[in-house]
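The values are calculated or read from the model by the stated rules, or taken from the named source; none is laboratory data. It should be emphasised that the depicted structure is a prediction, and the values quoted were computed from it without experimental measurement. No Cβ is skipped: glycine too gets one built from the backbone with ideal geometry, and neighbour counts run over all protein chains shown.
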Amino acid sequence: MTSVPAAASRVEMTQLVMPGHANTVGTAFGGTVMQWTDLCAGMAAMRHARLPVVTASVDRLDFLSPVRIGQIAILRAQVNAVFHSSMEVGVVVDTEEPGTGERRRCCTAFLTFVALGTDGRPVPLPPLLVSSEEERLREREAGVRRASRLALREALRR
Ligand SMILES: CC(C)(COP(=O)(O)OP(=O)(O)OC[C@H]1O[C@@H](n2cnc3c(N)ncnc32)[C@H](O)[C@@H]1OP(=O)(O)O)[C@@H](O)C(=O)NCCC(=O)NCCS
């Protein structure tokens, strides 16, 4: 299978935060930001796999600062590492003040997606081609996270 460059999976998704996205304290509802995160990461996974994918796990999703109504949310996703039928995607979410352009990091997340064949079963993915030092670091760190993620999955199954 031909390797696919990590950069080919990049997705940027932009969303104006509307009153309908609010929680009861007037900032964006966390579940809405989670949905955007899953969607953005899923598109990055599909760009790598060129196959249907499903979310297998979300092992870190940190809300670092609130997303306010009227701000622009900018989500960026990229495949960090490919294992066999699964891959880890990293997502960062920044907010932008429309009046000033000032940006702030509000969320980071790591999600695992699995590629499915026509029978709905996991299928092997093309390898990931990493070319920069940053991409190599992301791949190494994703490998460490996979080990603890799968160990935790085993523990939860008991
Ligand atoms: C994800 C899913 C396809 C895995 O199927 P499975 O029969 O457990 O398959 P396997 O045990 O062979 O695992 C396949 C791959 O998924 C990975 N995987 C499975 N569960 C995982 C989890 N919780 N976290 C991370 N990776 C996981 C395995 O490590 C394996 O990766 P590899 O091929 O790269 O080594 C299956 O559990 C599923 O369909 N889950 C529901 C997904 C879904 O509906 N998501 C939408 C949200 S409702």
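When you look at residue 70, is it among the small types (Gly, Ala, Ser) and away from the ligand (no atom under 14 Å from the Cβ), yes or no? Before the answer, list the steps.
Working: among the small types (Gly, Ala, Ser): yes; away from the ligand (no atom under 14 Å from the Cβ): yes.
So residue 70 passes the test.
Restricting attention to the stretch 35-81, the residues that are surrounded by 16 or more Cβ atoms within 10 Å (Cβ to Cβ), under 26 Å from residue 151 (Cβ atoms), in contact (Cβ under 8 Å) with a residue 60 or more places away in the chain and hydrophobic (A, V, I, L, M, F, W, C) add up to 7.
When the stretch 11-34 is filtered for residues that are in contact with a helix residue (DSSP H, G or I) (Cβ under 7 Å, 6 or more places away or on another chain) and either farther than 18 Å from residue 73 by Cβ or touching a residue at least 40 places away in the same chain (Cβ under 8 Å) (or both), the ones remaining, listed by number, are 11, 13, 15, 21, 28. Being surrounded by 14 or more Cβ atoms within 10 Å (Cβ to Cβ) and either over 26 Å from residue 15 (Cβ atoms) or at pLDDT below 95 (or both) is a property that residue 128 has.
Does residue 43 meet the test of being modelled with pLDDT of 95 or more and of a type in the set (A, V, I, L, M, F, W, C)?
For residue 43, the condition - modelled with pLDDT of 95 or more and of a type in the set (A, V, I, L, M, F, W, C) - is met.
Hydrophobic (A, V, I, L, M, F, W, C) and more than 30 Å from residue 143 (Cβ to Cβ): is that true of residue 16 in this structure? Taking the combined requirement at face value, the residue satisfies it. Within the stretch 73-84, if we keep just the residues that are more than 30 Å from residue 19 (Cβ to Cβ) and in contact with a helix residue (DSSP H, G or I) (Cβ under 9 Å, 6 or more places away or on another chain), the residue that is nearest to the ligand (Cβ to nearest atom) turns out to be 83.
Note on the stretch 49-68: among residues that are closer than 12 Å to residue 33 by Cα and in contact with a helix residue (DSSP H, G or I) (Cβ under 7 Å, 6 or more places away or on another chain), the one that is modelled with the lowest pLDDT is 61.
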